[in-house]
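Asker: I am attaching a structure below and will ask some questions about it afterwards.
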Amino acid sequence: MDTQNTPVHMKLWHRGFWSLSIANMLLAISVYMLLPIIPLQMAAEGNSPMGIGLSMGIFGIGVFAFGCFISYWIQRYRRNHVCELAIIGVIGTIAVLYYLDAPDTMMLPLPVHVLVRFMQGAFYGLAQIILLSTLINEMCESAQRTEADYAATWFSRFALSLGPVLALLINHYIGFGVTLLIAGAIAIAALLLIRFVNFPFRAPDDMMRRISLDRFFLPQGKWLFLNLMLMTTIVGLLLSSIGDVRFYGLLMLGFLFALVAERFAFINAELKSETITGLIMIGAAVLLMLTRELPVVDFIAPTFIGFGIGIIGSRFQMFFIKLADHCQRGTSQSTYFLSWELGISIGLYVGYGLLESDMKTVLWLSLALVVFNLLLYNFFVHNWFVKHKNR
């Protein structure tokens, strides 16, 4: 399969798959709600730009924390129970952030806040990896799993715009504390949806290693991992200096355009066309913001960015699947997830902590990364992938 054309199986869309896909989206929404409001709250409390950058960037390190133990845990225990406990961990970290924001609570040192964000990333990474690499695939037949992976990831991709829009509106009209409460309630809804799904019992393997890269990281995908991470770093950079309601709303519009384009414009397109087109669209958006001050740019640029990263994300997800062996499908999906989250977190750290959200500097660095990624992908990564893919 050398195109993005993913067949549609109507039998895939049963109640169990819907429940897990929506749970996946709700969990991502609850976490992405914190992207725009934590920097606003920390700045209001007098934290330094570097402190804000650390709080935002450490989340991307946290998603790796439990990775080497996931394979053992989901074989030793019921995998859905491990996922549920991880979601409870996410809810707990949101509760801690709510407690720290209480008026009668003494302001704790920055390292405590950073530690909470690290643990939030760790629990979120554990929950999402089990959802994407194991539970969702168990709900469908083997022939449907590529479509299942593709669809489920789009659910969480939409959360990148839905979560911040919801959070910014609630934070503006009601307040930070209520925003955290609603984020926690949404995570609870995700937990309940998973609880309502029946999963088949699977006997544990005879040979279980406590530490393993299985369902965590795909070593042969290192160049795809690096390339996608650098691309999502651009998104994190831009979010550190632009993120208002209109930006996130139009980002969603760009995602919708990308989803439609994949089904029609790119259905039989050449293999590298989506990534090249996506980078050109992101580059055009950055150039417009650098060189034009017309009001229309505020509408066009976020839409271009959403479209660009949307089609790039889908294409690289398929690349990871094609690069993996048959028994490594789950590992390929978790590697894709880790690359996506790490890149966004690095961009947020650099944008807030090192560049102090300076718009011009952020845009110039973003443009440089677009050019670098375009050259890296076109002249190395794509040819390397074609040579090493298994499907």
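Asker: Helix-only estimate, please: 222 nm mean residue ellipticity of the chain, summing -39500 (n - 2.57) across DSSP H runs of length 4 or more and dividing by its residues, to the nearest 500.
Answerer: That comes out to -24000 deg cm²/dmol.
Asker: Could you report region 95-177's accessible area per residue, 1.4 Å probe, as an integer in Å²?
Answerer: So region 95-177 comes to 39 Å² accessible per residue, rounded to a whole number.
Asker: So for each of 279-285, 40-46 I average, over its residues, the number of other beta carbons within 10 Å; can you give me the resulting order with the highest mean first?
Answerer: 279-285, 40-46
Asker: Can you tell me the accessible area per residue over region 241-391, all protein chains present, probe 1.4 angstrom, in square angstrom?
Answerer: I get 40 Å² per residue for this part.
Asker: A follow-up question, please. For region 104-197, which GluC sites (Glu not before Pro) are both in a DSSP coil and crowded by at most 16 other Cβ atoms within 10 Å?
Answerer: Filter output for region 104-197: E141.
Asker: Given the options S133, S212, S357, which has the most mean-square fluctuation in a GNM of the chain, springs set between C-alpha atoms less than 10 angstrom apart?
Answerer: Looking only at S133, S212, S357, the biggest GNM fluctuation is shown by S212.
Asker: For the chain, which whole-number percentage of the solvent-accessible area (1.4 Å probe, protein heavy atoms only) is attributable to carbon and sulfur atoms?
Answerer: Numbers: 10870 of 16060 Å².
Answer for the chain: carbon and sulfur cover 68 percent of the accessible area.
Asker: Can you give the relative contact order of region 229-311 as a percent, counting alpha carbon pairs under 8 Å and 6+ residues apart?
Answerer: Averaging sequence separation for qualifying contacts and normalising by length gives 48 percent for region 229-311.
Asker: By average Cβ neighbour count within 10 Å, what is the ranking of 343-356, 253-266 from highest down?
Answerer: Listed from highest to lowest mean packing, they are 343-356, 253-266.
Asker: Write down the accessible area per residue of region 43-93 in Å², having rolled a 1.4 Å probe over the full set of protein chains.
Answerer: I get 38 Å² per residue for this part.
Asker: Relative contact order of the chain, please, whole-number percent, based on alpha carbon pairs below 8 angstrom and at least 6 residues apart. Spell out each step's value before the answer.
Answerer: Values: 630 pairs, mean separation 110.9, N = 391.
Taking the mean separation of contacting Cα pairs over the length of the chain, I get 28 percent.
Asker: Take the alpha carbon gyration tensor of the chain, find the square roots of its eigenvalues, order them as a ≥ b ≥ c, and report rounded if a/c is under 1.5; if not, report prolate when a/b exceeds b/c, else oblate.
Answerer: Working: a/c = 1.59, a/b = 1.07, b/c = 1.48.
Verdict is oblate for the chain.
The values are calculated or read from the model by the stated rules, or taken from the named source; none is laboratory data. None of these values were measured; they are calculated from a predicted model. Note that each Cβ is placed from the backbone with ideal geometry, even for glycine, and that neighbours are counted across all protein chains shown. Protein only, heavy atoms only, side chains kept; ligands, DNA and RNA dropped before computing areas. Shrake-Rupley method; radii C 1.70, N 1.55, O 1.52, S 1.80 Å.
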